[in-house]
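I have placed the structure first, in the form of structure tokens, so that the comments after it can refer back to it.
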Amino acid sequence: MYLALLVIFLHCSELYAQERVFTFNMVEIKVQPSVKVKNGAPMSIICHADISKKNDFQLSHNFTIFKDGKLVFMITSDKGEARYGIPVARSSDTGLYECAVEAGGKTKSSKSLHVWVTGLTKPILTAEKKEVLEGEVVKLRCELPEEASPLYFVFRKIKMNSKPNEKHVSESHRNFSTVEFSVEEEDNILHFDCLVRRLVNLELETSEPSNRTLVTVKEPFIKPTLKAKPSSNITEGDRIQLECSTVVARMHDIEIILQKNRTILNSVRDEKLLKYSAVATLEESGEYLCKVEQGRASKTTKLNVVVAELFPKPVLTASAIKLDENKELTLSCSISGFRKANFSILRKNSNGDIWFKNSRNLTMRVHVNDTGSYICKAEVKGIVKESKPVRINVYAPVSKPTLSVVSGLPEVVLGKPLQLICRSVMGTPPITFKFYKGNEIKKTVVNDTYAVFLDENIRRNDKGGYKCDARNDHSSGMKTSNILNITVIVPIRNASLGSNPYGEVEDGSDTAFLCSVKEGSWPIHFKIFKKTDHEVLLFEKSENADRILWRKEAMSRQDTGTYYCIASNRANVDVKSHPITISVVLAAWQKGVIAAFVLIPIAGAIALTLWWFLFKKKTAQRPSMEMSGSALATNLTSEKLTRQNNDGDYYSRSGYIEDGENHMKSTDENKDLEMFKH
């Protein structure tokens, strides 16, 4: 029975499920009255689900509404629509809204909808105090209780007939801000307000100004009074007295300061009166400032004082400002339109002025150490005034200058610059030096005791004519040096090495080496080297010539090798020749000895062989020889004579060739020696 009931229940459930078929067509979100709502007005966010059903049955809906991704409203309803009502919309309600609907295990979301609540509420401003003293601060607080950050606050301090003073504060995490305003001098009645700004959709929204708050300012002391006695118009030499006073509410930490050109002249603390007294001079003219300070409060008063001139500055005159030593100088001090004064004449010095005389006139014979700046001072009624300085220069005559080469020797290498120095031992600077090359002025230099001249255009024919002169402002005039002659050294160019004989040299014979240069100033130092594993110096000598001849006697096989020479002069540049190669070979007599030792044994062997051959032949032919002895004797005699004639021709021919060779060798040597001579 239970099994039958279970089957019936499952069948009914299946039929019921088949009866509850539905689908979401669309879920949408909208706002009333519109997507742009004025701040403070009501608005509603509506979520609507469009669902199709196979049959008419009841369906439960779960509605959720999100703002900027955060859940703000949720409700379950049998209806296909849900409403999220906001009675008073604020700018914080601005954002991106969307909704989602869940029903029967299915969920569908709407598209996003941006809602903009325009405008901001009116901010509220409060002040910590309604009454303050000058120098204190006013603390303000501006807030928007119903708005959310970020917000930008503008505080304003408003004074009558002046532009408001503003302070700006940005708040990222709270809906209020605080500031402080200093209360300054002449701030009597102050008004404060604030306003708030916010950036929405790249547009800046500004609230209306807050309530205006009134703050009353009290003075801790009155503006100071500054007076001059006997008056603000006085004459040099009179005593001037300044008084600065004020009225203060409470005598605590109050200070009075007197200034002129930012320089503090006097000050008092916890007193109502300041006094300052001085003898009036022209420097005392100007604007004086009295300042009273207490805490942050400060008030000032200004007074202009005019001091009339008692007498003008004195004027110092000189009989001459440039003098020769031992000449007479007269200095006179005077005041235009004023004669009754105490005069003194002094010379300026870094360690203190040097006094000469208490008089308006001074006459003295000057020396070089009297050079300097002179002044005169005049005193009337305790007022001392100083004249402008007068520069006096006393000159000693220059001595005859000396001209020399900086490097020492009066010579220069062709192509190198020549540096000359002109020096005058005596004479008061500045001294004017002039350099001459020939009669042409090359350079003018003003210096103390010497001058340097650089001649960079040295030619081969520049041999002398340098001089210099020196002069200063002494009346003796110019002094001229002696003429300086310069030797121009021509550097060595193109060294070469030759030999006679050249190339091959017989063992035991002499060889002449000739080292020469194409050009170069004398004397020239010649060196001849043989190149082996290291350089071997064979010969060196200095000559007033462009060549040198060196004879090497008895050459041997060890002298075979490479030779070169080096030439130098005072230009200090070594010029090396191209190398030559010398080969030492056997002499003619050495060759003859070797030939004799080789040919004599060969000739003996030939003679012995011939003798043996003739002996054998004679033995075999003796019977026939005895029969024809006279004929054989005749033949032998004829053969011997013929052979003697032939041998004589051979030796004569050989002697002619040797003489010819000796004659040719002698001729070549004479040619080489003649070449070296030239």
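The values are calculated or read from the model by the stated rules, or taken from the named source; none is laboratory data. Predicted, not measured: the structure shown is a model, and the values here were computed from it. Here Cβ is always computed from backbone atoms with ideal geometry, including for glycine, and neighbour counts include all displayed protein chains. Accessible surface areas use protein heavy atoms only, side chains included; no ligands, DNA or RNA. Shrake-Rupley method; radii C 1.70, N 1.55, O 1.52, S 1.80 Å.
Residues being in contact with a Ser or Thr (Cβ under 9 Å, 6 or more places away or on another chain), open to solvent by 30 Å² or more (accessible area, probe 1.4 Å) and without any contact (Cβ under 8 Å) to a residue 40 or more places away in the chain: count how many of those fall in segment 498-526. The number of residues fulfilling the criteria is 1. Just one of the listed residues (Glu243, Glu284, Glu309) is under 56 Å from the mean Cα position of the chain (by Cα) and surrounded by 16 or more Cβ atoms within 10 Å (Cβ to Cβ), namely Glu284. Checked against (1) farther than 28 Å from Arg460 by Cβ; (2) in contact with a Gly (Cβ under 9 Å, 6 or more places away or on another chain); (3) open to solvent by 20 Å² or more (accessible area, probe 1.4 Å), Asp533 passes all but a single condition, namely (2). Counting only strands (runs of 3 or more DSSP E) wholly contained in segment 194-243, no element carries 3 or more residues that are free of Cβ contacts under 8 Å to residues at least 24 places away in the same chain and more than 30 Å from Glu284 (Cα to Cα).
Within segment 527-554, the residues that satisfy the criterion of being in a loop (DSSP other than H, G, I, E, B) and in contact (Cβ under 8 Å) with a residue 12 or more places away in the chain are Thr532, Asn544, Ala545, Asp546, Glu553, Ala554.
Comparison of Ser336, Ser373, Ser387 shows that the only residue that is out of contact with any Ser or Thr (no Cβ under 8 Å at 6 or more places or on another chain), loosely packed, with under 13 Cβ neighbours inside 10 Å and not acidic (Asp, Glu) is Ser336.
So that you can scan it fast, the table gives a plain yes or no per residue for (1) open to solvent by 40 Å² or more (accessible area, probe 1.4 Å); (2) in contact with a helix residue (DSSP H, G or I) (Cβ under 7 Å, 6 or more places away or on another chain); (3) in a loop (DSSP other than H, G, I, E, B); (4) modelled with pLDDT of 90 or more:
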position	(1), (2), (3), (4)
Phe73	yes, no, no, yes
Ala100	no, no, no, yes
Leu120	no, yes, yes, no
Thr126	yes, no, no, yes
Leu140	no, no, no, yes
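Selection of strands (runs of 3 or more DSSP E) fully inside segment 411-451 by the criterion of at least 2 residues being over 38 Å from the mean Cα position of the chain (by Cα) and at pLDDT below 90 returns 411-413, 440-447.
Among the residues that make up segment 454-477, is at least one of them open to solvent by 90 Å² or more (accessible area, probe 1.4 Å), farther than 26 Å from Ile321 by Cβ, out of contact with any Asp or Glu (no Cβ under 9 Å at 6 or more places or on another chain) and part of a strand (DSSP E or B)? No, that holds for no residue.
Once segment 364-384 is narrowed to residues that are touching a strand residue (DSSP E or B) at 6+ places or on another chain (Cβ under 6 Å) and of a type in the set (S, T, N, Q), the residue that is nearest to Arg339 (Cα to Cα) is Ser373.
A Cβ distance below 7 Å, combined with a sequence gap of six or more or placement on separate chains, defines the contacts here; from segment 139-159, residues that are closer than 18 Å to Val88 by Cα and touching a residue at least 24 places away in the same chain (Cβ under 8 Å) reach residues that are buried (at least 22 other Cβ atoms within 10 Å of the Cβ) and among the aliphatic types (A, V, I, L, M) in the pairs Leu144/Leu120; Leu144/Leu151; Leu144/Val196; Glu147/Leu120. Gly105 meets the conditions (1) small (Gly, Ala, Ser); (2) open to solvent by less than 30 Å² (accessible area, probe 1.4 Å); (3) free of Cβ contacts under 8 Å to residues at least 24 places away in the same chain in every case but one. The failed one is (2). In segment 480-496, which residues are open to solvent by less than 20 Å² (accessible area, probe 1.4 Å), in a strand (DSSP E or B) and either at pLDDT 90 or above or touching a Cys at 6+ places or on another chain (Cβ under 9 Å) (or both)? Hit for segment 480-496 is Ala495, nothing else.
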